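The values are calculated or read from the model by the stated rules, or taken from the named source; none is laboratory data. This is a predicted model, so every value here is computed, not measured. Glycine gets a Cβ as well: all are built from the backbone with ideal geometry, and neighbour counts include every protein chain shown. These area figures cover heavy atoms from the full protein model, side chains too; ligands, DNA and RNA do not enter into them. Shrake-Rupley method; radii C 1.70, N 1.55, O 1.52, S 1.80 Å.
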Amino acid sequence: MSNTAMKKKVLLMGKSGSGKTSMRSIIFANYIARDTRRLGATIDVEHSHVRFLGNLVLNLWDCGGQDTFMENYFTSQRDNIFRNVEVLIYVFDVESRELEKDMHYYQSCLEAILQNSSDAKVFCLVHKMDLVQEDQRDLIFKEREEDLKRLSRPLACTCFRTSIWDETLYKAWSSIVYQLIPNVQQLETNLRNFAQIIEADEVLLFERATFLVISHYQCKEQRDAHRFEKISNIIKQFKLSCSKLAASFQSMEVRNSNFAAFIDVFTSNTYVMVIMSDPSIPSAATLINIRNARKHFEKLERVDGPKHSLHMRMR
C-alpha cells in the first residue's frame, strides 16, 4: 500500500445550530442520533483528518457558525479558510427564522470559493427535514433547491434533503464522498465484473469506518430505492452494539426463501455485501469467491493501482 496520502480539503459550513457537528459526529465519530443532543456549539474551526479508502484523507474543516466567526471567515481568515478547497458543504436549517441572513452568508462563501478555489464542488444540505410535515417536504425542498441553484450561479450546486433521524444523511454523504474517490470508475468496472462472474443479484461496497456506500452494481431490479442507506444505518448501529460488548463485527449471512445476503470484510478499508437469489449456488462458494477477489480490490484502492480488470474463476 502506498504511503503517499491524497488529502482533500472539505469545508463544512452553515449557521450556528444548523446541525453540522451532529451530522459529522454521526458519520465519522460513531455517534447515534440521540447522543448528538449533548454536543456543544463549535468554536471557530475544528479540524479532523479522516482516512478514507487507504490513500484518500478527508481534511474536514467544521466551521463554527456564530456571526462573529462567520464574519472573520470572510475577512481576516478568508485566504486560510477558502484556499485549496475540494468540496464546500453548506448546511441550512430548514426551519431557520433567519433565512435571509443564511442566504447572505452562503453567497459570501460562494464569492470566496470562486476567488480561491474555483474548481471546488458545492453541496447544500437542507437539514432537519424531519421537523417538516411529511406531506410538505417535497414542496419545501423543491422550492429551497431552486433558490439555492439560482443563487449559486455560475457555480453548480447539488442539493440534498437530510435528517439525522433517517437514511437521508447517509445518502447525502455517500454521494459527496463518492465524488472524491480518485479511481471510482475503475472500481465500479471491477465491481461489475465481480458481480457478473459470481452471478450475484447485487454487490455493494461500503467504506469500513463510516459504512458509507462507495460503489455498487445491480444485475436485477430492486424495489427499495433507499436500501443502501438503510443498510448502512442498520449495520453501523449493529457494529456499535458489538463494540459496547467488546466484540468486533466481522461478517454476517442472512438467508430466507427468496435470497441470501452476505456482508463480509473485503479489503483493509471496505466491507462488501453480496446478494444472491440462485438457490443452486451454496454459501461456501460465494464466500470463497469473496475471499479470492480481496487481493485484487486491495490493489485498486491505491491511487496508482493497476489498470487491468478483474478475472477470476468461478468455484
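What the table below lists for this structure:
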quantity	calculated
Near pairs, Cβ below 6 angstrom, 6+ apart or cross-chain, from the range 16-28 (open to solvent by 20 Å² or more (accessible area, probe 1.4 Å)) to any residue that is in a helix (DSSP H, G or I)	SER22/THR36
Residue in the range 54-69 that is in contact with a Cys (Cβ under 9 Å, 6 or more places away or on another chain) and either under 15 Å from LYS20 (Cβ atoms) or not in a strand (DSSP E or B) (or both) present	yes
Residues (at pLDDT below 90, part of a helix (DSSP H, G or I) and surrounded by 12 or more Cβ atoms within 10 Å (Cβ to Cβ)) located in the range 81-100	LEU99
Unique residue being surrounded by fewer than 21 Cβ atoms within 10 Å (Cβ to Cβ) and free of Cβ contacts under 8 Å to residues at least 12 places away in the same chain when the list is GLU221, GLU199, GLU167, GLU188	GLU221
Single residue of LYS295, LYS307, LYS230 found to be more than 28 Å from ALA172 (Cβ to Cβ), modelled with pLDDT of 80 or more and not β-branched (Val, Ile, Thr)	LYS295
Pick from the range 225-267, criterion more than 19 Å from the chain's Cα centre (by Cα) and of a type in the set (Asp, Glu), ranking: nearest to PRO282 (Cα to Cα)	GLU253
Unique residue being open to solvent by less than 30 Å² (accessible area, probe 1.4 Å), over 30 Å from LEU187 (Cα atoms), in the same structural domain as ARG161 (by the TED database) and at pLDDT below 85 when the list is ALA41, ALA112, ALA33	ALA33
Residue count for the range 248-279, restricted to those that are free of Cβ contacts under 8 Å to residues at least 40 places away in the same chain, more than 29 Å from SER163 (Cα to Cα) and open to solvent by 30 Å² or more (accessible area, probe 1.4 Å)	6
Output for the range 163-179, where each listed residue is modelled with pLDDT of 85 or more and within 12 Å of the chain's Cα centre (by Cα)	THR168, LEU169, TYR170, LYS171, ALA172, TRP173, SER174, SER175, ILE176, VAL177, TYR178, GLN179
Inter-residue pairs, beta-carbon under 8 Å, first small (Gly, Ala, Ser) and in the range 120-147, second assigned to a helix (DSSP H, G or I), 6+ apart	ALA120/ILE113
